[in-house]
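Some notes on the structure that comes next.
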Amino acid sequence: MSKKVVVIGGVAGGASTAARVRRLDEKAEIIMLEKGPHVSFSNCSLPFHLSGIVENSEKLLMMDPVQFKKKYNIDARVFQEVTHIDKVNKKVTIHNHATGETSDESYDVLVLSPGAKPIVPALPGIDATHVFTVRNVVDIERLQQYVSQDTIENIAVIGGGFIGVEVAENLRLANKNVALIEFAPQVMAPFDDDMVQIIHKEMLDKGIDLRVGDGLASIEDKTVTLQSGKQVKADAVVLAIGVRPDTTLAEDAGLDIGETGAIVVDGNYVTSDPSIYAVGDAIEVFHQILHKKTRLALAGPAQKQARAAADHMYGITNRHRGVIGSSSIQIFDYACATTGINERTAREAGMTVDSVYVISPDKVGLMPNSNPLHFKLIFEVPTGKIVGAQAIGKGNADKRIDVIATLISFGGTVDDLKDLELSYSPMYGTAKDVVNMAALVADNLLAGRFKQVHVSQTRELVESGAYIVDVREEAELKNGMLKGAYNIPLSQLRERMDEIPRDIPVYIHCRSAQRSYNATVALQGAGFTNVKNMAGSFLGTCLYEYFRDTTEGREPIVTNYNFK
């Protein structure tokens, strides 16, 4: 006997669940209720509408309700908001925003996909007409229409997560003056401090007025006031502070809500009511690495949840392995991607971890458009189990992170990664890819073959007068060097070892830490027992230091920045 399936939410997980049910059961009656004006399989392209990368709202949509009906034989109803769930009688109450009428709809199976709602703090001026949030196509069209006015020049974006950064970037590409304000010390929380400074610099270079470590206090007609008391010009304000699960209906229906504030589901996405499923941003999921419940507002997991929920309705069970949190974003010229947990999260969770930071060409250096790829690998000590990675570069950062996501999903270690055979062409990579290189460095550290200091420790070393040896060639130094460093080029190292003290720690660097690694092991082979390679070396240090030096007026630890 075919089912009557009612889906609440016609975007992303809701639309995907409805489509999967149709593939499994051609005779099922499927009704999809969306309180907005459109249905879509994804909302991820919304910010690109602001810069013209996506030229019109139709390109953001999979299809309108009529098309959805023709293609999937699904009754997609827009402007239909469900206001109440009656679990006992298995029906929902619907308010039609187009007509103002209220009606009931029965169901055999109900699917909740309400998504998440923006966090809007109770601050002075928050309800002003020039203040916007970005959740759906209607929101983005309202914002686009407002900022297109000639009088709107200065825009403040509040919040440096995925939505805030993408909105800020696209408004800047539309030639607006954009300030991005983030309360935390950095934007893009999935990235560690040593990696995110590359993003900070890129945003600064592209004309974003980036303010971190300072939150919003109030909104005025033409300005916003920050918690520090500073004021920023703002003809329009976009709130992207974050989201919380939209659990209003679930709570009203008496469904279980978990410790994270999201809807509790089992491995098949069934809620505490066996006739009600839930998928997407509003549910609680299991974190595969941290071994605890979490929330994850990402499109990929939502699509998989939708399929699993629909399958279970027809007797196909699913074993939910847990999430790891893989994501990517383009920020101006840089592709930025991450998977698993960052080093900060791992340490907060009580895990014993270490990390390596490798700078390697994204393709063979002789090839056109070869650029440095910055790659960080986080692994458990002493097991070598990989728990996270981050990549930033002008090339295919996402490709490298997808490799690591696969390894994490199958419990892979540094040993697995260093021997992993990957496809190679000079146009797309190097014979020893950056992910293999990172694993080799990590393997050396775990085996105690050499020691390192992280790029975040460089300033302390310079300011304390540590003995630092720069093994780059003399011609390279005119473009900048660490203050107080001694230059002994690698090509002269073996003849000049007697210049290096043996009774104090010695720190070695070059441009990207590869030549300095060779120098480190050469010194160890000559009997030096207290030498350490400086991860990131000069390029990594310049990138790590630049944003704070520029915005805080700090004294640089380099004679000149060199990012080439």
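Some points to look at:
- Per-residue 3J(HN,Hα) values for the range 505-514, derived from phi via the Karplus relation 6.51 cos²θ - 1.76 cosθ + 1.60 with θ = phi - 60°, read x, 10, 10, 10, 9, 9, 8, 10, 5, 7 Hz in sequence order (x marks Gly and Pro).
- Debye, to nearest 20: dipole size of the range 131-241, +1 on Lys, Arg Cβ, -1 on Asp, Glu Cβ: 200 debye
- Highest-first arrangement of 221-233, 355-367, where packing means the average Cβ count within 10 Å: 355-367, 221-233
- From largest to smallest, the equivalent ellipsoid semi-axes obtained for the range 316-387 from the alpha-carbon gyration tensor read 28, 19, 12 Å.
- Of the residues TYR357, PRO368, VAL435, the one whose Cα sits farthest towards the positive end of the charge dipole of the range 327-446 is PRO368 (charges of +1 on Lys and Arg Cβ, -1 on Asp and Glu Cβ, taken about the Cα centre).
- Convex hull volume per residue for the range 327-446, taking Cα atoms only, in Å³: 91 Å³
- Heavy-atom accessible surface of the chain, averaged per residue, reaches 43 Å², computed with a 1.4 Å probe.
- Translational diffusion of the range 131-241 was estimated from the Stokes-Einstein equation, with Rh taken as the Kirkwood radius over Cα pairs; at 4 °C and 1.567 mPa s the coefficient is 93 µm²/s.
- Heavy-atom surface analysis with a 1.4 Å probe gives the range 452-552 a carbon and sulfur content of 46 percent of its accessible area.
- Two-site label geometry, GLN145 and ASN73: point separation in nm, points 7 Å out along Cα→Cβ: 3.8 nm
- Placing unit charges on each Cβ (+1 for Lys and Arg, -1 for Asp and Glu) gives the chain a dipole about its Cα centre, and among TYR277, VAL469, GLN80 the Cα reaching farthest toward its positive end belongs to VAL469.
- Net charge of neighbours whose Cβ lies under 10 Å from the Cβ of ASP235, counting Lys and Arg as +1 and Asp and Glu as -1: +1
- 5 Å binning of all Cα-Cα separations within the range 397-443, expressed as whole percents from 0 upward: 5, 21, 33, 27, 11, 3, 0
- Computed from Cα atoms, the angle from the helix 397-409 axis to the main principal axis of the chain rounds to 80 degrees.
- Mean separation of Cα contacts under 8 Å (6+ apart) over length of the chain, as relative contact order %: 10 percent
- Counted over all Cα-Cα pairs of the range 452-552, pairs farther apart than 23 Å make up 19 percent.
- Percent accessible area from carbon and sulfur atoms, the range 327-446, protein chains only, probe 1.4 Å: 51 percent
- Calculated from the structure at hand, Rg and Dmax of the Cα atoms in Å is found among (i) 24.7, 80; (ii) 26.6, 89; (iii) 23.8, 73 as (ii).
- Checking the cross-link pairs LYS293/LYS385; LYS201/LYS418; LYS176/LYS363; LYS233/LYS399; LYS230/LYS478 against a 28 Å limit on the alpha carbon distance flags LYS201/LYS418; LYS176/LYS363; LYS233/LYS399; LYS230/LYS478 as lying beyond it.
- Net charge dipole size for the chain [Lys, Arg +1 and Asp, Glu -1 on Cβ; Debye, nearest 20]: 1000 debye
- One chain, two ends: ASP498 and GLU473. Fully extended at 0.36 nm per residue, the span grows by 7.1 nm beyond their Cα-Cα distance.
- Potential extension, HIS95-THR383 segment - 0.36 nm per residue separation minus Cα distance: 98.1 nm
- For the range 131-241, carbon and sulfur atoms together expose 48% of the accessible surface, with a 1.4 angstrom probe and every protein chain in place.
The values are calculated or read from the model by the stated rules, or taken from the named source; none is laboratory data. These figures come from a predicted structure and were not determined experimentally. Note that each Cβ is placed from the backbone with ideal geometry, even for glycine, and that neighbours are counted across all protein chains shown. With ligands, DNA and RNA removed, areas are computed over all heavy atoms of the protein, side chains included. Shrake-Rupley method; radii C 1.70, N 1.55, O 1.52, S 1.80 Å.
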